[in-house]
Amino acid sequence: MKTLFLLCTIFAFTNVTAQKVTVSTSENDASIIVNGQLVGSGTYLLKIDKSECYNVKAQKTGFLKYEATVCGKKAGPEPPKTLFFNMKKDDSEEASIKTDQANIDFEIPVNPDLSISDAWKLTTQIVTDYFDAIEVSDKETSYLRTAWSIQSFQQNTIRTRLIVKLSKSNPLTFKVKLNSEYSGASGTSVKADEQFRDWDRVLRKYQNVISDFSTRLSKK
């Protein structure tokens, strides 16, 4: 009986003194993820095994992602009693808009009063209104491609380029495509093709590219 009482006392004491960390976020609906599993939103009481480490993440669409490691006494440094994530908005999303114009070919009919030479000259003018460097420009085949324009953010890198090519000679029609890609990491090299993926957003400074082509090339 005494042995049983002693065991119960030890068990109770262990439970009372078990390590716990209160995880909370500045955004009440932010997802809290522990070791890859969604465990709550806004706040969560994490119970720590003294021999284990835990990967804690806080995520919300439109905000930067946050991550921390919390360990028990035997596995790492003494864990904090509270872990607070002060979440800030994703600066790459604030600098961009969601659009259906990214990475899609758009056919732009040219004003029939314009010769192909004049249309190509106007096309080049529109492109240079938005991009500093043209990588390829072939007037004979009516093909133009800008160099990638790159911009780095706190947790993202965005690269953008424009491709213009002849779609039809009669009636004269150009095909325009605005490539917008993201890496999901800051400081990615513009040449690291394998790290970039199509983005369904475009930086605000390029949001009027397609409409400018449509308006200026088609108008009479």
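If the condition is being open to solvent by 80 Å² or more (accessible area, probe 1.4 Å) and part of a strand (DSSP E or B), then the range 104-117 contributes only E107. Inspection of the range 185-196 identifies no residue that is touching a residue at least 12 places away in the same chain (Cβ under 8 Å), assigned to a strand (DSSP E or B) and not aromatic (F, W, Y). Of all the criteria given as (1) in a helix (DSSP H, G or I); (2) surrounded by 17 or more Cβ atoms within 10 Å (Cβ to Cβ); (3) under 33 Å from the mean Cα position of the chain (by Cα), the one not satisfied by W120 is (3). Pick from the range 34-58 the residues that are in contact (Cβ under 8 Å) with a residue 24 or more places away in the chain, in contact with a strand residue (DSSP E or B) (Cβ under 7 Å, 6 or more places away or on another chain) and open to solvent by 60 Å² or more (accessible area, probe 1.4 Å): which of them is nearest to V23 (Cα to Cα)? By that ranking, first place goes to L45. Annotation: of all residues in the range 128-148 being touching a helix residue (DSSP H, G or I) at 6+ places or on another chain (Cβ under 8 Å) and of a type outside the set (K, R), the one that is most open to solvent (accessible area, probe 1.4 Å) is D129.
In the list Q155, Q151, Q125, Q101, which residue meets the criterion of being over 30 Å from Y66 (Cβ atoms) and either surrounded by 14 or more Cβ atoms within 10 Å (Cβ to Cβ) or β-branched (V, I, T) (or both)? Show your work before the answer.
Values: Q155 fails: over 30 Å from Y66 (Cβ atoms); Q151 fails: over 30 Å from Y66 (Cβ atoms); Q125 fails: either surrounded by 14 or more Cβ atoms within 10 Å (Cβ to Cβ) or β-branched (V, I, T) (or both).
It is Q101.
Yes/no per residue for (1) open to solvent by 60 Å² or more (accessible area, probe 1.4 Å); (2) at pLDDT 95 or above; (3) of a type in the set (G, A, S):
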residue	(1), (2), (3)
L178	no, yes, no
A185	no, yes, yes
A192	no, yes, yes
R197	yes, yes, no
K205	yes, yes, no
N208	yes, yes, no
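Determine which member of the set F131, F85 is of a type in the set (F, W, Y) and without any contact (Cβ under 8 Å) to a residue 40 or more places away in the chain. None of the other options fit; the residue is F131. Every listed requirement among (1) in contact (Cβ under 8 Å) with a residue 12 or more places away in the chain; (2) not in a strand (DSSP E or B) is met by T61 save one, (1). Evaluated against (1) under 22 Å from the mean Cα position of the chain (by Cα); (2) open to solvent by less than 20 Å² (accessible area, probe 1.4 Å), D91 falls short on exactly one condition, (2). For the range 67-88, filtered to residues that are open to solvent by less than 80 Å² (accessible area, probe 1.4 Å) and in a strand (DSSP E or B), the residue that is nearest to L203 (Cα to Cα) is F85.
The values are calculated or read from the model by the stated rules, or taken from the named source; none is laboratory data. These figures come from a predicted structure and were not determined experimentally. When we count neighbours, we look across all protein chains shown, and the Cβ atoms used for this are built from the backbone with ideal geometry, even at glycine. To get the accessible areas, we keep the full protein, side chains included, count just its heavy atoms, and leave off ligands, DNA and RNA. Shrake-Rupley method; radii C 1.70, N 1.55, O 1.52, S 1.80 Å.
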